[in-house]
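A.B. asks: Pasting a structure here, questions to come.
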Amino acid sequence: MLEINKEAIVAERITQNNGSSFGNWSWTRPPNGRVLNELMELNNIASSVTLSDKPDSWKCTLDPSGTYTTKTMENLINTLKLGGNALSTTIPRNKLLPQKVYIFIWRAFQKKLPVRFELNKRGIDLDSILCPLCEMDIETTDHILGLCSKSALIWKHVLDWWAQENTLISNLNDVIINNQAFALNKFGNSIWKATKWITCYTIWKHRNLNVFSKKVWSPASILSEIKTQSYSCISKSLRKKKSIMWHQWLINPPFFVADPPHRVGIG
């Protein structure tokens, strides 16, 4: 593989004298016309450049440290795409969940899910913009994931399962923010949030099955899938630290997450 010494290339092309830098070019034929004007502009720029004896390097101006990180770029994209919303700077990650669930929530919060209201805004001709499940209101992201009577029934079952009867899920902010009706430790908050995100993902999945495959909407089977999927995701993430007892997870997840992590679910 050919290796190029960048320092040598720069040093050969730039000559420094009395604090000023000048271009030291090598041409097959002298430049003329527009190319000559561009060369003169380049020489003017180079004259103000001061080279150091340090190796060439890349510097990211997005971060004060000068180091590029994916987190910095993510924050920039969220800020540009989501504007001044209180939650727009970033959507907190949850390491207990697979990437596809996080991406789904991220898209939903940006109003990028293909719900009928958003499709209609983009000029797509639809027979109806009403919710395909309840057919009572316009299908927005908040509606299909929380306000729809079918979705609300799923949330009721999930909240009953977690003993959170006094918690309200009516929009995506309620899903992202930990608005639990009882105090949980950091470990418990992560698991409760993971359960809520998986619930949204599962509701959207079955919404699509209903729309495109005419699958019957069954709250009991959806709740069972939410319990299984959340158990599977959380178990895989925690497998090196502890195991979750399936029967306890089904009956009383708040009890499971109430104790400190090192005391929970060993079995």
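The values are calculated or read from the model by the stated rules, or taken from the named source; none is laboratory data. Because the structure is predicted, anything quoted here is derived from the model rather than measured. FYI the Cβ positions are ideal-geometry reconstructions off the backbone, even for glycines, and counts take in every protein chain you see.
A.B. asks: Give Leu172, Leu133, Leu113, Leu223 a once-over and let me know the one that is at pLDDT below 90 and touching a helix residue (DSSP H, G or I) at 6+ places or on another chain (Cβ under 8 Å).
C.D. replies: On the way: Leu133 fails: at pLDDT below 90; Leu113 fails: at pLDDT below 90; Leu223 fails: at pLDDT below 90.
Criteria check complete, one pass: Leu172.
A.B. asks: Can you tell which of Ser224, Ser218, Ser190, Ser235 is under 14 Å from Val101 (Cβ atoms) and either of a type in the set (Ser, Thr, Tyr) or in contact with a strand residue (DSSP E or B) (Cβ under 6 Å, 6 or more places away or on another chain) (or both)? Give the derivation first.
C.D. replies: Values: Ser224 fails: under 14 Å from Val101 (Cβ atoms); Ser218 fails: under 14 Å from Val101 (Cβ atoms); Ser235 fails: under 14 Å from Val101 (Cβ atoms).
Criteria check complete, one pass: Ser190.
A.B. asks: Name the residue, out of Thr70, Thr79, that is at pLDDT below 80 and not assigned by TED's automatic domain parsing to the domain that holds Arg107. Step through it out loud before you land on a result.
C.D. replies: Values: Thr70 fails: at pLDDT below 80.
Within the list Thr70, Thr79, the selection yields Thr79.
A.B. asks: Return the residues of segment 122-163 that are closer than 29 Å to Tyr231 by Cα, touching a residue at least 40 places away in the same chain (Cβ under 8 Å) and outside any helix (DSSP H, G or I); say none if nothing qualifies.
C.D. replies: Matches in segment 122-163: Leu133, Trp162, Ala163.
A.B. asks: May I ask you to say which residue of Val158, Val216 is more than 21 Å from Ile91 (Cα to Cα) and modelled with pLDDT of 90 or more?
C.D. replies: Details: Val216 fails: modelled with pLDDT of 90 or more.
Only one candidate passes the filter, namely Val158.
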